[in-house]
1. Out of Phe142, Phe175, which single residue is at pLDDT 90 or above, under 18 Å from Leu85 (Cβ atoms), of a type in the set (Phe, Trp, Tyr) and out of contact with any Cys (no Cβ under 6 Å at 6 or more places or on another chain)?
2. List pairs: first residue in the stretch 22-37 and surrounded by 13 or more Cβ atoms within 10 Å (Cβ to Cβ), second residue among the charged types (D, E, K, R) anywhere in the structure, Cβ distance under 7 angstrom, at least six positions apart or on different chains.
3. Here are Met90, Met67: which of them is within 13 Å of the chain's Cα centre (by Cα) and not aromatic (Phe, Trp, Tyr)?
4. For the stretch 61-85, name all the residues that are within 18 Å of Arg128 (Cα to Cα) and touching a residue at least 60 places away in the same chain (Cβ under 8 Å).
5. Checking Ser53 against (1) assigned to a loop (DSSP other than H, G, I, E, B); (2) modelled with pLDDT under 95; (3) polar (S, T, N, Q): exactly one of these is not met. Which one?
6. Tell me, yes or no, whether the stretch 57-73 has at least one residue that is over 23 Å from Phe188 (Cβ atoms) and among the aliphatic types (A, V, I, L, M).
7. Condition check: surrounded by 20 or more Cβ atoms within 10 Å (Cβ to Cβ), closer than 20 Å to Glu141 by Cβ and under 17 Å from the mean Cα position of the chain (by Cα). Does Ala101 satisfy that?
8. Which of the residues that make up the stretch 29-70 are farther than 26 Å from Arg111 by Cβ, touching a His at 6+ places or on another chain (Cβ under 9 Å) and not hydrophobic (A, V, I, L, M, F, W, C)?
Amino acid sequence: MTGPLHRHAGVARARGGGAWQAHLPYDATISPNLRRWVTGDAGSLTARLISASAQFRVARLAQRLAMPYADEWRALGLPAPAPVLTREVMLICDEVTAIYAHTIVIARHARRDWPFLRGLGERPLGGRLFVDPRVSRTPFEFARLRPDHPMRVAMRRVLPDLARAPMLPARRSVFHRGGGAMLVTEVFLPDLQSRPAPVRRP
């Protein structure tokens, strides 16, 4: 799905929690199993979800130019806010949404450094990133997103049942390929509180 330039509302550092840090803070609402999903493996999350479900699919919500959230543009290495190519998807296990994923890349670098992104459709992003030897990844940053975080607000249009959910754990990292950077944020939804997390790979 494509559309005109879209401006995200809200300021992530001032509203909705989302202070990104190197470790996931303690939260009694995050079960030990969910914590293993969030922090347990730096490999492909898609592969872990596939191994933990009988059926897995990706639902693409949008792919368009948009303004980054207030806590995103510096992480991507931009000197100031500017439109970025934005991809939003849901990762669905056994017809239950497990992950909301939000990806941004600098628009002028998209075709040069991420040529597969335009035609990715409803195929998983991880299926391309983790087989490309030119791709490197920074360590994760973690946050707990309150219902008024702008990313949570954006999620409500497709996941209205989560509007009153408490803090949702999220993680993000930057992928590099050539001269391009890609910021991938993953929000972990209540389905993963109890869906058994695969054993961490050596």
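1. Result: Phe175 is the single residue among Phe142, Phe175 that is at pLDDT 90 or above, under 18 Å from Leu85 (Cβ atoms), of a type in the set (Phe, Trp, Tyr) and out of contact with any Cys (no Cβ under 6 Å at 6 or more places or on another chain).
2. Leu24/Arg35; Pro25/Arg144; Asp27/Arg144
3. Met90
4. Gln63
5. Looking at each condition in turn, Ser53 falls short on (2).
6. The answer is yes; a qualifying residue exists.
7. In short, yes.
8. Thr39 - this is the single residue of the stretch 29-70 that is farther than 26 Å from Arg111 by Cβ, touching a His at 6+ places or on another chain (Cβ under 9 Å) and not hydrophobic (A, V, I, L, M, F, W, C).
The values are calculated or read from the model by the stated rules, or taken from the named source; none is laboratory data. Source: prediction; values computed, not measured. Every residue, glycine as well, gets a Cβ built from its backbone with ideal geometry; the counts of neighbours run over all protein chains shown.
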